[in-house]
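**Q** Sending over a structure as structure tokens; questions will come in a sec.
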Amino acid sequence: RYLRELAIRNNRFAITAHRPNYLLVAAYDTSDVNPAGLPGTEGKDYESKFQVSMKFPLVENLFGEGQGGIYAAYTNRSFWQVYDRQGSSPFRETNHEPEIWFSWKTNWRFSGFNNRVFRVGLNHQSNGQGGNTISRSWNRLFAEFIFERSNYAGSLKTWWRIPEDAADDDNPDIDDFMGNFEFTAVYTRKKHSFNLMFRNNLRNPMRGAVQLEWNFPLIKHFDGYVQWFNGYGESLIDYDENVNSIGIGVSLTDWL
């Protein structure tokens, strides 16, 4: 990942991965696919899922070499009912997530971990469905701490939802299900990567999500990839549904 970051500094047209880029060839939902995103069809319990995520710098070295930068990123997560031939294999849901943030390198230490980067920024997430009953969107201000230790890395991210007018808010209770913080941890060993994501609202009733990922060597440019998700907010259309899904496929990039 460091070499890719270096390429950005030397080539203004280069982009790097922001979040993992992957394709789940088959993902099985044991809690049933929510048909809300598929008018006129019930859909299948199994589908394909993929994520494309990239970032690029807008301004760097605001306060000296390597200190202070503004970055932008875009993440697309799509749920494709490719096996539903009777329903013409539609995309059940696509979530768009552009964001912009200020990044500052740090060297804080605690309990053997080094806090390398601090970020604060603005995040927008929507499913691109304007003006109808399946429209979902929200805007957040966030702060994130990124830390590392040996073959461990992780981040702690918290956010505040920007209020919307009641008449325009198509998901007023989304933070009750999506929570107000997210913890991510990564452990690497012998070309394998094990990742944990935990999200929670710290309220009563307590809701959130957990996701486990495993990247393992497969072929030259691709890793094998397994993902298990349980909880709320896997997709915006299902943000208030408790989903339990497991999938297998390939990944181009992981968290590191």
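**Q** Compute the FRET efficiency between Ser111 and Val25 as 1/(1 + (r/R0)^6), taking r as their Cβ-Cβ distance and R0 = 35 Å, and round to the nearest 0.05.
**A** Working from the Cβ atoms, E equals 0.35.
**Q** Could I ask something else about it? Over the heavy atoms of His124, what accessible area does a 1.4 Å probe trace out, to the nearest 10 Å²?
**A** Rounded to the nearest 10, the figure is 60 Å².
**Q** Please report, as a whole percent, how much of the solvent-accessible surface of the range 110-256 comes from carbon and sulfur atoms (probe radius 1.4 Å).
**A** With neighbouring chains kept in place, the figure for the range 110-256 is 59 percent.
**Q** If you don't mind, another one. So, for the chain, what is the accessible surface per residue at a probe of 1.4 Å, expressed in square angstrom?
**A** 53
**Q** At 7 Å along Cα-to-Cβ for each site, give me the label-to-label distance between His221 and Lys191 in nm.
**A** Distance between the two pseudo-spin positions: 1.8 nm.
**Q** Rounded to two decimals, what ratio of Rg to Rh does the range 141-198 give with C-alpha atoms and a Kirkwood Rh?
**A** Across the range 141-198, the Cα-based Rg/Rh ratio is 1.18.
**Q** Hey, another quick one. Over the alpha-carbon set of the range 72-123, divide Rg by the Kirkwood Rh and report the Rg/Rh ratio to two decimals.
**A** 1.34
**Q** OK, next. How much solvent-accessible surface does Leu156 expose, in Å² to the nearest 10, with a 1.4 Å probe and all protein chains in place?
**A** 80
**Q** Viscosity 1.002 mPa s, temperature 20 °C: Stokes-Einstein D of the range 65-160 from its Kirkwood Cα radius, in µm² per second?
**A** It diffuses with D of about 133 µm²/s by this estimate.
**Q** Next up: Near Lys191, which lysines are there with a Cα under 16 Å away, not counting those fewer than 8 places off in the same chain?
**A** Lys191 reaches Lys220.
**Q** If I histogram all Cα-Cα distances within the range 132-246 using bins 5 Å wide from 0, what percent of pairs lands in each bin?
**A** Per 5 Å bin, starting at 0, the Cα pair percentages come out as 2, 10, 17, 18, 18, 14, 10, 6, 3, 1, 0.
**Q** Using the Karplus equation 6.51 cos²θ - 1.76 cosθ + 1.60 (θ = phi - 60°), what ³J(HN,Hα) coupling, rounded to whole Hz, does each residue of the range 50-58 give in order, writing x for Gly and Pro?
**A** Running phi through 6.51 cos²θ - 1.76 cosθ + 1.60 with θ = phi - 60° gives 9, 9, 10, 9, 9, 9, 7, x, 9 Hz.
**Q** Work the Kirkwood hydrodynamic radius out for the chain: mean of 1/r over every pair of different alpha-carbon atoms, inverted, in Å.
**A** After inverting the mean inverse Cα-Cα distance, the result is 19.5 Å.
The values are calculated or read from the model by the stated rules, or taken from the named source; none is laboratory data. Everything quoted here is computed from the prediction, not taken from an experiment. Backbone-built Cβ (ideal geometry, glycine too); neighbour counts: all protein chains shown. These accessible areas exclude ligands, DNA and RNA; they are computed on the full protein's heavy atoms, side chains included. Shrake-Rupley method; radii C 1.70, N 1.55, O 1.52, S 1.80 Å.
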